[in-house]
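Below is one structure; the comments refer to it alone.
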Amino acid sequence: MRWSKALWLFSFFFAFVGLKAQNYSLSGFVKDSTSGESIKGAVVKNLSDGASVTTNNYGFFSLTLPSGQQSVRISAGEYEGVTLVRNVQSDEQISIYLLPRADEIDEVRIRAKRNDNVRAVDISTQSITGKVIKKIPAFLGEADVIKSIQLLPGVTTVGEGATGFNVRGGGIDQNLVLMDDAPVFNSAHLFGFFSIFNPDAVKDVQLIKGGIPAKYGGRLSSVLDVITKDGNNRDYQVNGGVGTIFSRLTFEGPLVKNKASFLVSGRRSYIDVLAKPLLNEDLEGSQFYFYDFTAKFNYDNGKDKFFVSTYIGDDLFFAANAFGVKWGNSTLSARWNHIFNDKLFSNLTYYYSRYRYNLEFNIGDDLSFDWQSYINNHSLKTDFTYYLNSKNEIGFGGSSTYYIFEPGTATAVNNLGENTFGVPNKYAMENAIYLSDDWTPNNRFTIRAGIRGSQFLYLGKSNVYTFRDPFAEGQRRFVDSVWQAGDNEVIQQYLNLEPRFGFKYQWNRYTSIKGGYNRMVQNLHLISNTAASVPFDVWSPSTNNIKPELADQYTIGYFKNFSIGKQEFESSAEVYYKDMLNQVDYVDGANLLLNELLEGELINGIGRAYGLELYVKKATGDLTGWVSYTLSRSERKSPGISDNEWYPSRFDRLHNLYIVAQYRLNKKWDLAANFVFSSGTPTTFYTGQYSIQGYTIPDAGSNDRNNVRNPNYHRLDLSATYTKKKKGKWESNWVFSVYNAYNRRNPFSIYFENNYQNTGINQAIQFSVIGSIVPAISYNFKWN
């Protein structure tokens, strides 16, 4: 009898505990109440126990709550937070609409998610919104995504007019640039002066430099994730602008109110129109312009959401009867979000991406040269997020991508006829799977652990070459054997595991310490020997002769937020070290264009990069902005180069100081300024000369590479924005800007003018892309 009573008491106790411990899920989407746009990065927090989650790229969240009355706080940087009180007795799905802050409607500020940089486990990650991008002074007064991220710590460029950007000592090809999940191979218009991203169509930009999550792969240095707007699903809206060099127009609105919406956006430059009166008869018919078109459509059916987005853009610079160059990107993304239940969210994506470039010379009717090249890729990928409980958020998924490379097909025409030649196409397939878990065992610790497995297949049909060892290190290799691979025959396979790890220790409410490690693998290689990448540089997959590039990066950082009076500041200090293997280098005098035996002129090197990044951001008040300073090194070591010693990479800059300031003078006027200082980039000079029969011949004297530096780079940009009083639905402003305000002639490169019959003195010539003050004016409007 005693045992039966005891058993009954234990049963009652555990039943009671189980009842008390019953948990339910509160899930759904967080959206902008004025446009219906999903809000990424909103924080949903249980005020009782401190458990919180962050909305994903699509605004979805799932928070585990205990039964009973609970208070849940939802907050996002530019929105008024709300608190929900729920008597939790079952799972619940809701949509939460946040109202933009009253001061944000009239005033744009740096994103200020209070303590978000301290609380999140992400390290070396920064976001910037389209609103902020539009406030930063830029070349010719045109807001630009890439120029804006070049003002963040750890990000550099080799100079004005250079394509792309460099992150923590990596090359421009080592950045994974995504537009709505589709990769972009060249993110520049006008040889790097503008990016392909139309700021009117951009919702959010996130740069990840370290602690890269397991779902990302394929590049060594960073991920730039650009998310376009979904389109206003409540009201029609028109945005646009007329600038010094191009104009833009964006139209968005509902297809089915609160369910389906669209966005179409376009830009075109009119350099050709402005230059036409200045061209002589020989140049009639010349074309100098770029354009881009962005469109997005989405449909929301509760548990299912569908997106289709596309981008088409080209640059065309053709001087009639002389030469021409054309390049451009095209992407198409189709995505399907599905909510299986309160805890499982999925996203299925198909994308197509193409990058093409064309170079031609045309002198008369019987003398011409035309070279075309492209990269095509098709991909299918799926990502799942499983919200196991309040302590574990599990991500898993996979992808498969098929690549077609056409390195170059050329047609030459002369008075003897037409000759077509080139380099055979290359084919490859890349597959990957990943698993990750964000584990929060208590209110102080968060651990992010993940693993990614990747497979890369170099496929036929093509000629497959093997090369002999060189006679000496650093010299080109000659063909040893060649064989013909059949269609889709596997020529070479590479398998790699990529572990990822990150942690956060919450010291107190305003302070945290974070660390991260990631191994990255890259199987697509940009082959270039120029100081700055040009549109017709060669891309190649990993082959039997070109191994995958590998990188191991270690990062640790201290994050602290503080206040001075009513003014709030965010700050961070991060230290990183990165080892890189199988870095693609080239022998001196390498021929990189239209060379079927190119792989024999490449060598495998190693690299290392390390540095300190300091960052302070003022997020509130009339004066906002940030200051960042980076102290860093980027070095390479390649067989036969620089006597097998470490030498600085071409994008090594020791010091980088960026100051960005925005000041609200009054309701009509906003002022902004940028100041940039960077150490000079390395370059290679010959170290001696000799004379033969009165001719002066330069002599390298050694095989040192990047043995001197260009002078330091510094520049000040200013802008003033005059906002007219809103009239009904019409808003407008004028932007007056000055680029390079104190007329600095920053050197892009220095070269020598060789007059071989002289007194033995060769003249050094400094080339500056921008050598004067560049004023601009633009007019922007919005109808809503």
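Sorted largest first by accessible area at a 1.4 angstrom probe radius, with every protein chain in place, the residues Leu178, Leu495 fall in the order Leu495, Leu178.
Ordering Ile603, Ala428, Leu63 by Cα displacement along the dipole of the chain toward the positive end leaves Leu63 in first place; charges were set at the Cβ atoms of Lys, Arg (+1) and Asp, Glu (-1).
Ordering Ile750, Gly565, Ile136 by Cα displacement along the dipole of the chain toward the positive end leaves Gly565 in first place; charges were set at the Cβ atoms of Lys, Arg (+1) and Asp, Glu (-1).
Here the dipole of segment 458-524 is about 620 debye; that uses its Cα centre as origin and unit charges on the Cβ of Lys and Arg (positive) and Asp and Glu (negative).
Kirkwood-type hydrodynamic radius, segment 25-176: 17.7 Å, calculated from all non-identical alpha-carbon pairs. With the biggest extent put first, the Cα atoms of segment 125-783 measure 76, 57, 50 Å across the principal axes.
Going by average Cβ density within 10 Å per residue, which order do the peptides 407-417, 320-330, 54-64, 721-731 take, highest to lowest?
54-64, 320-330, 407-417, 721-731
Modelled label positions at Arg73 and Phe361, each set 7 Å beyond Cα in the direction of Cβ, lie 6.8 nm from each other.
For Trp507, the solvent-accessible surface with a 1.4 Å probe is about 140 Å², rounded to the nearest 10. One chain, two ends: Tyr742 and Leu316. Fully extended at 0.36 nm per residue, the span grows by 150.2 nm beyond their Cα-Cα distance.
Helix 2-20 and the long axis of the chain differ in direction by around 50°, with both axes built from C-alpha atoms. Taking only the C-alpha atoms of segment 24-102, Rg followed by Dmax gives 11.8, 35 Å.
Net length available on complete extension from Tyr722 to Tyr779 is 19.6 nm, with 0.36 nm assigned per residue and the Cα-Cα distance removed. As a calculated quantity, the FRET efficiency between Leu344 and Asn419 at R0 = 60 Å, using C-beta atoms, amounts to about 0.50. Among Trp669, Trp626, the order of accessible area from largest down is Trp669, Trp626, computed with a 1.4 Å probe on protein heavy atoms.
Apply the a/c threshold of 1.5 to the C-alpha gyration tensor of segment 521-585 and tell me whether it is rounded, prolate or oblate. Here segment 521-585 falls in the prolate category.
Relative protection proxy for 596-609, 478-491, 263-276, from highest mean packing down: 596-609, 263-276, 478-491 (other beta-carbon atoms within 10 angstrom). Given a 1.4 Å probe and the protein chains as shown, Ile39 ends up with an accessible area of around 10 Å². The packing ranking, built from the mean of other Cβ atoms within 10 Å per residue, places the peptides 148-155, 774-781, 633-640 in the order 148-155, 633-640, 774-781, highest first. Evaluated with a Cβ-only charge set (Lys, Arg +1; Asp, Glu -1), the chain carries a dipole of roughly 3960 debye about its Cα centre, given to the nearest 20. For the residue pairs Lys131/Lys215; Lys131/Lys504; Lys131/Lys724; Lys134/Lys782, the C-alpha atoms sit more than 19 angstrom apart in Lys131/Lys215; Lys131/Lys504. Summarising the label geometry, the points placed 7 Å from Cα in the beta-carbon direction at Phe752 and Gln493 lie 5.2 nm from one another.
Summed over qualifying helices (DSSP H, 4 residues or more, each -39500 (n - 2.57)) and divided by its residue number, the chain shows a 222 nm mean residue ellipticity of -1500 deg cm²/dmol. Projecting the Cα positions of Val774, Phe503, Asn591 onto the charge dipole of the chain (unit charges on Cβ atoms of Lys, Arg, Asp and Glu, taken about the Cα centre) puts Phe503 furthest along the positive direction. Near Ile196, the amide H atoms lying under 5 Å from its own belong to Ala188, His189; only residues 5 or more places off or on other chains count, and H is placed 1.01 Å from N. Rolled with a 1.4 Å probe across the full set of protein chains, the surface gives Leu497 an accessible area near 120 Å².
Between Phe569 and Asp643, what's the calculated FRET efficiency when r is the beta-carbon distance and R0 is 45 Å? Round to 0.05.
On the way: r = 48 Å, r/R0 = 1.06.
In this case the efficiency is close to 0.40.
Average projection, convex hull of the Cα set of segment 378-488: 13.7 square nanometres. When the residues Lys381, Lys782 are ordered by accessible surface, computed with a 1.4 Å probe over the protein chains alone, the sequence from largest down reads Lys782, Lys381.
Taking 19 Å as the straight-line reach from the Cα of Lys257, the aspartates and glutamates in range (excluding those fewer than 8 positions away in the same chain) are Asp32, Glu37, Asp230, Asp235, Asp300, Asp304. With the simple spin-label model, which puts each label point 7 Å out from Cα in the Cβ direction, the Ala449 to Phe323 separation comes to 5.6 nm.
Placing +1 on each Lys and Arg Cβ and -1 on each Asp and Glu Cβ, with no other charges, gives segment 24-102 a dipole about its Cα centre of roughly 100 debye.
Pairs to check: Lys209/Lys618; Lys31/Lys566; Lys135/Lys725. Give those whose C-alpha atoms are more than 20 Å from each other in this structure. Those over the limit are Lys209/Lys618; Lys31/Lys566. If R0 is taken as 30 Å, the Cβ-Cβ distance between Ser90 and Tyr510 corresponds to a FRET efficiency of 0.25.
The values are calculated or read from the model by the stated rules, or taken from the named source; none is laboratory data. All of these numbers come straight from a predicted model, not from anything done at the bench. Quick reminder, even Gly has a Cβ in these numbers, built from the backbone with ideal geometry, and neighbours come from all protein chains shown. Just the protein is used for accessible areas: all its heavy atoms, side chains included, with ligands, DNA and RNA removed. Shrake-Rupley method; radii C 1.70, N 1.55, O 1.52, S 1.80 Å.
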